[in-house]
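K.L.:
Have a look at this one.
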Amino acid sequence: MEGHEQTGGPDAERRHADIYDEEGVIRASFLAQVGAAIADRDILALKRDVGGLHQSELGHLLEALLPEQRRALVELLGSDFDFSALTEVDEAIRLDIVDNLPNEQIAQAVQELDSDDAVYILEDLDQEDQDEILSQLPFTERIRLRRSLDYPEETAGRRMQTEFVAVPPFWTIGQTIDYMREDKNLPDRFSQIFVIDPTFKLLGAIDLDQILRSKRTVKVEDVMHETRHAIPATMDQEEAAREFEQYDLLSAAVVDENERLVGVLTIDDVVDVIQEEAEEDLLRMGGVGDEELSDSILSTSRSRVPWLLVNLVTAFLAASVIGLFDETIQRIVALAVLMPIVAGMGGNAGSQTMTVTVRALATRNLDIYNAWRVIRREMGVGFINGAVFAVLIGAVAATWFQDLNLGGIIAAAMIINMFAAALAGILIPLTLDRFNVDPAVASAVFVTTVTDVVGFFAFLGLATWWFGVR
């Protein structure tokens with residue numbers, strides 16, 4: 001999130017080296033130093049050691065401290081605590097801190113933050129606390145924050161910054177420059193000036209470099225360009241990030257349903273979105289939802305139980321397939337030794353295809369126009385890899401158990417399961433996406449089920465048929 005920038009240079013580098021070790025982890029000595037100052041309630045030492053930290057550094061420090069130390073640190077620093085650091089920590093830590101602060105202090109703090117940072121902190125609070133905090137803010141700021149909070153979660157409207165620079169088209173470049181120099185309420189950093197009509201409808205934009213190259217007498221409307229990539233406030237934040245990626249944007253206007261300018265989305269916010277969405281997809285593929293390291297034992301357990309239950313059901317399904325061939329396994333014990341190899345290799349192959357497919361769907365590189373070509377490719381990959389490993393595993397099994405027939409059976413089963421794994425790895429995510437089910441959440445359990453069931457059935461079924469046990 002956007003926040004207060006620290007001055008770079010040698011001093012900043014030395015400070016960073018004092019805080020972090022070579023691997024980027026907070027030094028134990030620095031943590032102990034801060035902990036001792038907190039225990040001694042040494043405010044001067046805390047202001048010296050912590051007061052000058054960048055918001056990200058302070059966020060890392062908060063995550064490394066014990067809960068009671070965090071609360072004490074915020075209390076001791078008082079108005080010197082940089083609340084923008086709360087945008088750098090897990091939700092559980094952020095709530096733990098703000099829940100132990102009076103709403104009056106939070107209201108005072110959010111007035112000093114950029115609007116996007118303020119919304120980031122306020123959106124996790126209860127409605128009652130939100131209303132109380134907002135009621136203590138100046139009218140204009142209260143309206144801006146309330147408008148952002150009224151947009152759905154994970155939309156551009158929630159991520160946007162409501163501080164921006166906008167001018168009418170009939171102004172001259174000279175008037176615009178004087179306005180930027182004299183108005184003290186403008187945002188600290190911006191790269192574009194937006195052009196609006198009296199109803200705040202977005203007409204265009206001017207980059208700062210264009211202003212510097214234009215004469216003072218030139219009118220704004222003569223040098224402005226159309227904002228070709230204005231982002232609707234209700235657009236999903238992931239879609240907005242994709243716009244930035246596709247068109248190499250540094251900032252973009254955010255407009256409401258009437259195309260009136262309501263805010264600006266900047267690249268630093270988009271970087272946060274990309275990181276969050278990537279982490280979310282990774283966690284969902286593991287069946288752990290939006291779990292965070294700071295979550296409690298009970299909440300972590302609750303988030304993992306549902307998918308573990310689904311896995312349990314699918315495990316019984318795979319076990320029931322094995323049960324169909326219990327007599328075969330009793331007669332040929334080697335089958336019990338070898339059958340996990342077939343299912344395991346299929347599971348890994350299916351996971352590879354599934355990961356590529358889910359990522360392609362998330363980035364919109366896979367669609368109806370190229371789906372069949374990708375399916376054919378994965379079928380070919382599954383068959384070739386199946387054949388390669390069939391030869392290897394078949395040879396090992398035949399040598400191990402001194403039985404060519406057994407080697408041939410596991411080789412055939414390997415080809416069948418690797419082919420099925422490739423199909424499942426691409427068709428299951430595509431099908432889930434077609435029915436608006438997040439493939440990152442549900443694909444893994446179904447792909448694993450397919451590879452287990454097909455692997456066991458192919459191997460044990462072929463063995464039963466070949467050896468004529470049943």
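The values are calculated or read from the model by the stated rules, or taken from the named source; none is laboratory data. Owing to the predicted nature of the structure, the values given are computational and were not obtained by experimental measurement. Cβ: placed from backbone, ideal geometry, glycine included. Neighbour counts: every protein chain shown. Quick note on the areas: whole protein, heavy atoms, side chains included, nothing else; ligands and nucleic acids left out. Shrake-Rupley method; radii C 1.70, N 1.55, O 1.52, S 1.80 Å.
K.L.:
Given an 8 Å cut-off on Cα distances and at least 6 residues of separation, report the relative contact order of region 25-73 as a percent.
P.N.:
Numbers: 20 pairs, mean separation 22.9, N = 49.
So the answer I get is 47 percent.
K.L.:
Determine the distance separating the Cα centre of region 121-199 from the Cα centre of region 312-387; give it in Å without decimals.
P.N.:
52
K.L.:
Enter the angle in degrees (range 0 to 90, nearest 10) between the Cα long axis of helix 173-182 and the first principal axis of the Cα atoms of the chain, meaning the one along which they spread out most.
P.N.:
90
K.L.:
Next question. Provide the FRET efficiency to the nearest 0.05 for the GLN402-VAL437 pair, computing r from the beta carbons and using R0 = 30 Å.
P.N.:
Numbers: r = 48 Å, r/R0 = 1.62.
Efficiency for this residue pair is about 0.05.
K.L.:
Still on this model: Among [x] 209; [y] 159; [z] 148, find the value of volume of the Cα convex hull per residue in Å³ that was calculated from the structure presented, and write down its label.
P.N.:
[x]
K.L.:
Modelled label-to-label distance, GLU276 and LYS47, 7 Å Cα→beta-carbon offset: nm?
P.N.:
3.4
K.L.:
Set the Förster distance to 60 Å, then compute FRET efficiency between TYR247 and TRP466 from the Cβ-Cβ distance, nearest 0.05. Show your work: numbers first, answer last.
P.N.:
Details: r = 60 Å, r/R0 = 1.00.
The pair TYR247/TRP466 has a calculated efficiency of 0.50.
K.L.:
Let me have the relative contact order for region 100-237, percent, based on Cα pairs under 8 Å that are six or more residues apart. Present the calculation step by step, with values, prior to reporting the outcome.
P.N.:
Details: 172 pairs, mean separation 33.8, N = 138.
Once divided by the residue count of region 100-237, the mean separation gives 25 percent.
K.L.:
Give me the number: length gained by fully extending ALA387 to HIS16, i.e. 0.36 nm times residue separation minus the C-alpha to C-alpha distance, one decimal in nm. Display every interim value, and only then the final one.
P.N.:
Working: separation 371, 0.36 × 371 = 133.56 nm, distance 5.36 nm.
Stretched out fully, the ALA387 to HIS16 stretch lengthens by 128.2 nm.
K.L.:
What's the FRET efficiency of ALA64 with GLN111 using the Cβ-Cβ distance as r and R₀ = 30 Å, to the nearest 0.05? The partial results should precede the final answer.
P.N.:
Details: r = 28 Å, r/R0 = 0.95.
Calculated transfer efficiency: 0.60.
K.L.:
Which whole-number percent is the relative contact order of the chain (Cα, under 8 Å, 6+ apart)? Provide the component values of the computation, followed by the final result.
P.N.:
Values: 628 pairs, mean separation 51.4, N = 470.
That works out to 11 percent.
K.L.:
Once the piece of chain linking GLN136 and ASP207 is laid out straight, how much longer is it, given 0.36 nm per residue of separation minus the C-alpha distance between them?
P.N.:
On the way: separation 71, 0.36 × 71 = 25.56 nm, distance 3.58 nm.
Here the segment from GLN136 to ASP207 would lengthen by 22.0 nm.
K.L.:
Would you mind working out the accessible area per residue for region 419-470, using a 1.4 Å probe, and quoting it in Å²? The partial results should precede the final answer.
P.N.:
Details: 2340 Å² over 52 residues.
Per-residue accessible area for region 419-470 comes out at 45 Å².
K.L.:
Okay, next question. Excluding ligands, DNA and RNA, what is the solvent-accessible area per residue of region 352-406 at a probe of 1.4 Å, expressed in Å²? The partial results should precede the final answer.
P.N.:
Details: 3620 Å² over 55 residues.
I get 66 Å² per residue for region 352-406.
K.L.:
Could I ask something else about it? How large a share of the accessible area of the chain, in percent, is made up of carbon and sulfur atoms when the probe is 1.4 Å and the other protein chains stay in place?
P.N.:
Details: 13990 of 24860 Å².
The computed percentage sits at 56.
K.L.:
List the aspartates and glutamates whose alpha-carbon lies under 18 Å from that of LYS215, not counting same-chain residues fewer than 8 positions away?
P.N.:
Cα-Cα hits under 18 Å: ASP178, ASP207.
K.L.:
Heavy atoms of the protein only, probe of 1.4 Å, neighbouring chains included. What is the accessible area of LEU312 in Å², nearest 10?
P.N.:
Roll a 1.4 Å probe over it and LEU312 shows about 90 Å².
K.L.:
Where only protein heavy atoms count, and the probe is 1.4 Å, what is the accessible area per residue for region 83-157 in Å²?
P.N.:
Values: 3220 Å² over 75 residues.
With all protein chains present, region 83-157 gives 43 Å² per residue.
K.L.:
Taking the alpha-carbon distance from LYS47 and a cut-off under 17 Å, which aspartates and glutamates remain once sequence neighbours fewer than 8 residues away in the same chain are dropped?
P.N.:
ASP11, ASP18, GLU57, GLU75, ASP80, ASP82
K.L.:
What distance in nm lies between label points placed 7 Å from Cα along the C-beta direction at GLN33 and LEU308?
P.N.:
4.2
K.L.:
Could you check what % of the DSSP bridge pairs in the chain are antiparallel, to the nearest 5? Write down the numbers at each step before the final one.
P.N.:
Details: 16 of 20 bridges.
Antiparallel: roughly 80 percent of the beta bridges in the chain.
K.L.:
Against the longest alpha carbon principal axis of the chain, how many degrees, from 0 to 90 and to the nearest 10, is the axis of helix 267-285 turned?
P.N.:
Between the helix axis and the principal axis of the chain, the angle is about 20 degrees.
K.L.:
Would you mind calculating the gained length between SER301 and ASP80 on full extension (0.36 nm times residue separation, minus the Cα-Cα distance), in nm to one decimal? Display every interim value, and only then the final one.
P.N.:
On the way: separation 221, 0.36 × 221 = 79.56 nm, distance 3.72 nm.
Value of the extension gain: 75.8 nm.
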